[in-house]
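The values are calculated or read from the model by the stated rules, or taken from the named source; none is laboratory data. Keep in mind that this is a model prediction, so the values were computed, not measured. All Cβ positions, glycine included, derive from the backbone under ideal geometry; neighbour counts span all protein chains shown.
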Amino acid sequence: MFGKQRTDSVDVRTTLSRLLQSPGAWRNSLIRKALPDRLREEMDTLDRAELREALRTMQDLSGRYDFETALQAMEQATQLGRLTSANSVVLAARLATFEPEETSQIDLGVYDQLLQTTGGALQ
């Protein structure tokens, strides 16, 4: 990019590929700086093998969906208590395919009637 100010552009795929080869560069990577705080803090605590697995998961999910979906899924996995490949893959698939409905449009009156007719207990 041209201009008077410094500009940095990051190719996520290339950077993740390089980080997989050299996870020790994690602390100085531009991807690390771009992560949400909670995910970055979680990944900072991982040992070398776990970090490599997390980076591979990030790379796979970025290729399958996109980088933002990968980050959201991995951040949600940390919020659920464990950043694992399995958790992240399931959450990414859900984020990519789930289209939430407006909760105000959902009529739960049918369930209210069911509870009234059964006295609050299923028979």
* **Checking SER29 against (1) more than 18 Å from the chain's Cα centre (by Cα); (2) modelled with pLDDT under 90, the condition it does not meet** => (2)
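Would you point out the residue of segment 9-26, among those that are farther than 20 Å from GLU50 by Cβ and surrounded by fewer than 11 Cβ atoms within 10 Å (Cβ to Cβ), that is modelled with the highest pLDDT?
In the first step, residues of segment 9-26 are kept if they are farther than 20 Å from GLU50 by Cβ; the result is 9-14.
Filter once more, keeping what is surrounded by fewer than 11 Cβ atoms within 10 Å (Cβ to Cβ): 9, 11, 14.
Details: SER9: 61, ASP11: 80, THR14: 88.
Only one residue fits best here, namely THR14.
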* Asked: Could we say that ALA49 is surrounded by fewer than 13 Cβ atoms within 10 Å (Cβ to Cβ), in a helix (DSSP H, G or I) and modelled with pLDDT under 95 here?
  -> yes
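Yes or no, residue by residue, for (1) closer than 16 Å to ARG18 by Cα; (2) under 10 Å from the mean Cα position of the chain (by Cα); (3) among the basic types (Lys, Arg):
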position	(1), (2), (3)
LEU39	no, yes, no
MET43	no, no, no
LEU46	no, no, no
ARG52	yes, no, yes
LEU55	yes, no, no
MET74	no, yes, no
* Do we find a residue being closer than 20 Å to ASP11 by Cβ and of a type in the set (Val, Ile, Thr) anywhere in segment 61-69? -> yes
* To do: Hey, could you check segment 55-89 for residues that are small (Gly, Ala, Ser), part of a helix (DSSP H, G or I) and free of Cβ contacts under 8 Å to residues at least 24 places away in the same chain and say which is surrounded by the fewest Cβ atoms within 10 Å (Cβ to Cβ)?
  => ALA86
